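The values are calculated or read from the model by the stated rules, or taken from the named source; none is laboratory data. Keep in mind it's a predicted model, so treat the numbers as computed, not measured. Cβ: placed from backbone, ideal geometry, glycine included. Neighbour counts: every protein chain shown.
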C-alpha cells in the first residue's frame, strides 16, 4: 500500500519531524533508562556509579602495643517501627522538616526536631540493653518505584523521589583505638560524620563509604554497583577524639575530631569508643537507587552522612569502655 503524507512540500512540517523523533527518543531514555530497562526518576548521573570490582582494597595499619582492640555491638533493629522524618535534631534543633530530606532512625523512638535531652532520656528505644541513644542517616530509595511521600516535605517535594528501602541489616558497633586506651563519652554527646553539602562545598569532610556485601575491604565515595548475590552497603564511621569539654560545638564538629590512620588523636583531644554503623540493603541487580539529599546536592553519593546522640547511662558507658580496653568482643544486652 502506498502511503501519502499530508502537505508533502511543506518545509515547516519536515523541519519538525526530526525534532519530534529526537524528543521522543530523549524522553524514552529519560523515562526507561539508557538501556531501555526499568524507569528511573530523578536519578544521579551515570558517572556517580562504579563497579565494586574496580575499587581498590583498603589497608588498615596494625594496632600499636597499647591499643584498645575490643568492640561492643548493640542490636538496635533495622527500623521495623518505620521511624522516619525530615528533621535533624543535631544540626537543626527546633526546625521541623529542616533537613529537606528523610532520615532513617534506630534507637531512641522519640527523636525529632523538638527533642530535648530530657525527652530523649525518658523515651523508649529499639536497642537491646536499654540504650536510648539515637542513631540516624538519610534513607536510601529505589528509583524505579514511586514513594509514599512523593507529595511530602523531605520526599518528592524536595526532589527525593522513589520508594524508601528498609535496610536488610543495621550493625551498630563501638570499637577501641589503634594507639591507646579510650575514655568514656559524656552523656548527650552529639556526633556528625560526613558532609550533607559536600557536592557544593568542594568535597570537604567527605566520609562516604559505599560498598557491596561480601566486599568488606572495598569502599568508594561513588554508589557501588554490586554483582549478583550482593547488595549495596554503607559504612558510617564517626569521629572519636573528644576535646574533653563540650558535648557539642557551633559547627557540630570542632569538639570531636577524627584520629589519624594509626589511631593517634590530635593534640588536646582524647580517644573515646569509635562508633561504626554498617547498613546493608537488598536491592535487585540493575535497580537504580540513590540516597536522599538536599535538593541542590542532586543526590550525590559523597553527601552520605549520619548523626548520633549518646543517651547511654554512665554505667552502660563504663561497661562499654571496659570491654574495648580489655580487648573483648561484647554484645550489649
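Scanning region 266-283 for residues that are in a loop (DSSP other than H, G, I, E, B), surrounded by fewer than 23 Cβ atoms within 10 Å (Cβ to Cβ) and in contact with a strand residue (DSSP E or B) (Cβ under 9 Å, 6 or more places away or on another chain) yields 266, 269, 281, 282, 283. The set of residues in region 200-220 being over 20 Å from residue 261 (Cα atoms) and surrounded by fewer than 21 Cβ atoms within 10 Å (Cβ to Cβ) consists of 200, 201, 202, 213, 214, 215. Across region 55-78, the qualifying residues are those that are exposed (fewer than 11 other Cβ atoms within 10 Å of the Cβ) and within 27 Å of the chain's Cα centre (by Cα), and the one among them that is farthest from residue 183 (Cα to Cα) is 56. Here residue 73 fulfils each of the conditions (1) outside any loop (DSSP other than H, G, I, E, B); (2) touching a helix residue (DSSP H, G or I) at 6+ places or on another chain (Cβ under 9 Å); (3) closer than 30 Å to residue 111 by Cα apart from (2).
Hey, any hits in region 79-91 for a residue that's surrounded by 24 or more Cβ atoms within 10 Å (Cβ to Cβ) and in contact with a helix residue (DSSP H, G or I) (Cβ under 6 Å, 6 or more places away or on another chain)? No, because not a single residue in region 79-91 is surrounded by 24 or more Cβ atoms within 10 Å (Cβ to Cβ) and in contact with a helix residue (DSSP H, G or I) (Cβ under 6 Å, 6 or more places away or on another chain). Among the residues of region 133-153, what is the count of those that are crowded, with 23+ Cβ neighbours inside 10 Å and part of a loop (DSSP other than H, G, I, E, B)? Adding up the residues that qualify gives 2. Being within 15 Å of the chain's Cα centre (by Cα) and free of Cβ contacts under 8 Å to residues at least 60 places away in the same chain is the filter here; which residues of region 180-208 pass it? Within region 180-208, just 205 meets the criteria.
So how many residues does region 187-213 have that are more than 18 Å from residue 309 (Cα to Cα) and either out of contact with any strand residue (DSSP E or B) (no Cβ under 9 Å at 6 or more places or on another chain) or outside any loop (DSSP other than H, G, I, E, B) (or both)?
As a first pass, look at region 187-213 and keep what is more than 18 Å from residue 309 (Cα to Cα): 197-213.
Cutting the leftovers down to either out of contact with any strand residue (DSSP E or B) (no Cβ under 9 Å at 6 or more places or on another chain) or outside any loop (DSSP other than H, G, I, E, B) (or both) gives us 197-204, 210-212.
The qualifying residues number 11.
In this structure, does residue 228 turn out to be out of contact with any strand residue (DSSP E or B) (no Cβ under 7 Å at 6 or more places or on another chain), more than 18 Å from residue 90 (Cβ to Cβ), modelled with pLDDT under 95 and assigned to a loop (DSSP other than H, G, I, E, B)? So residue 228 fits the description; yes.
Just give me the residues in region 84-118 being in a loop (DSSP other than H, G, I, E, B), in contact (Cβ under 8 Å) with a residue 40 or more places away in the chain and either over 17 Å from residue 189 (Cα atoms) or more than 19 Å from the chain's Cα centre (by Cα) (or both), in sequence order.
Applying the first criterion (in a loop (DSSP other than H, G, I, E, B)) to region 84-118 yields 86-102, 109-116.
Add one more test, that the residue is in contact (Cβ under 8 Å) with a residue 40 or more places away in the chain, and what stays is 86, 88-91, 97, 99-102, 111.
Of everything in region 84-118, those that are in a loop (DSSP other than H, G, I, E, B), in contact (Cβ under 8 Å) with a residue 40 or more places away in the chain and either over 17 Å from residue 189 (Cα atoms) or more than 19 Å from the chain's Cα centre (by Cα) (or both) turn out to be 86, 97, 99, 100, 101, 102.
Is it the case, given these coordinates, that residue 318 is over 21 Å from residue 78 (Cα atoms) and free of Cβ contacts under 8 Å to residues at least 40 places away in the same chain? First the steps, then the outcome.
On the way: over 21 Å from residue 78 (Cα atoms): yes; free of Cβ contacts under 8 Å to residues at least 40 places away in the same chain: no.
Considered against the rule, which asks whether it is over 21 Å from residue 78 (Cα atoms) and free of Cβ contacts under 8 Å to residues at least 40 places away in the same chain, residue 318 comes out as no.
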